[in-house]
Amino acid sequence: MTGIQRRLLAWYAKYGRANLPWRVVRDPYYTVVSEFMLQQTQVDRVVPIFGTFISRFPTFSALAKGPQSEVVRYWKGLGYNTRAVRLKALADAVVTKFGGEMPTEENLLLELPGVGPYTVAAIRAFAFNYDAAPMDTNVRRIVHRVHFGIEYPAKAASKELDMLARQLVPNGKAHDWSSAMMDLGALVCTARAPRCAACPLQTLCVAAPIDAARLERLREEFAKPATAKEPVPFELTARFARGRIVDRLRELPPGERISLLDLEREIVGIVAAEVGERFDELVAALEKEKIVARDGNEISLA
DNA sequence: AACCCGGGGAT
DNA sequence: ATCCCAGGGTT
């Protein structure tokens, strides 16, 4: 083990969030559910919903058996509802194709719905402790800072970081290493205002000590021009309207439907006029994503 | 490569 | 007021 690896793991043993529900119980199902919920969603928001979700759907088999509409109802508060649809489809596949046992081969995992390169590595590292390096935004940022310096502008390509990260994982300790990197990224080596003084790697890090003001300046200097778009209040966006539609359908008693006309009337009363005019378009998109289903002129969660 | 998908917390 | 988040799928 290198000095960096030792210090990182020692820091994790002391300050890591070992009490996270998907770390307390080592179960591939817990790993998969948590990884889906955590895609682009912060830990604090996932924790309470994870608990109620696991209580209702404790195993792949239970999730495969449950109706998708109920899965989507339990997803309320997390956003990105297609993740719920894909997770349910994944459970179906695990039960029907793999006898209820989560596969471990990369190629098999990658074919599962909602599973990309990151989640393949996450499942292998967290559920099976194979020597994999899930490259999330935290790991990427830390590896870049420690080995190449501040990430603006990026001095290392994504592929280069990926290769390096894999070498950095101590043999047989992928679970703890990845957990440690993600906790360090969330608690110390944060994107905006890193706490280098509290970092176990500060004396070994190319970027430390990071001056937050300088970091901010560099980020703005090298930000993509697209970021300088005209800001629109979230309540005026199509995404907000989509959320209201799905939430309204969540309120329907299971098995019941609502007429499209009634739903449109309610939604138009809530959202901005320009978005309300696109009601049909929004419903069509939700239908295509298998989140909702139409039955004649009525609609419900799929 | 660019775009879409939620919504709440941190700064 | 803007950035950020345990990414993946589609175009």
Number of the exception - residue A:174 against (1) under 28 Å from residue A:86 (Cα atoms); (2) within 10 Å of DNA strand C (Cβ to nearest atom); (3) of a type in the set (A, V, I, L, M, F, W, C): (2)
Any chance residue A:113 is within 25 Å of the chain's Cα centre (by Cα) and either near DNA strand C (Cβ under 8 Å from one of its atoms) or not in a helix (DSSP H, G or I) (or both): yes
Given (1) assigned to a helix (DSSP H, G or I); (2) out of contact with any strand residue (DSSP E or B) (no Cβ under 9 Å at 6 or more places or on another chain); (3) away from DNA strand C (no atom under 16 Å from the Cβ), number of the condition residue A:76 does not satisfy: (1)
So residue A:282, is it under 17 Å from residue A:81 (Cα atoms) and either part of a helix (DSSP H, G or I) or not assigned by TED's automatic domain parsing to the domain that holds residue A:78 (or both): yes
Residues within region A:213-257 that are within 15 Å of residue A:72 (Cβ to Cβ) and not in a helix (DSSP H, G or I), tallied: 6
Condition met for residue A:153 (surrounded by fewer than 20 Cβ atoms within 10 Å (Cβ to Cβ) and more than 15 Å from DNA strand C (Cβ to nearest atom)): no
Options A:232, A:188; residue that is among the hydrophobic types (A, V, I, L, M, F, W, C) and within 30 Å of residue A:283 (Cβ to Cβ): A:232
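The values are calculated or read from the model by the stated rules, or taken from the named source; none is laboratory data. From a predicted model like this one, the values you see are computed outputs, not experimental measurements. No Cβ is skipped: glycine too gets one built from the backbone with ideal geometry, and neighbour counts run over all protein chains shown.
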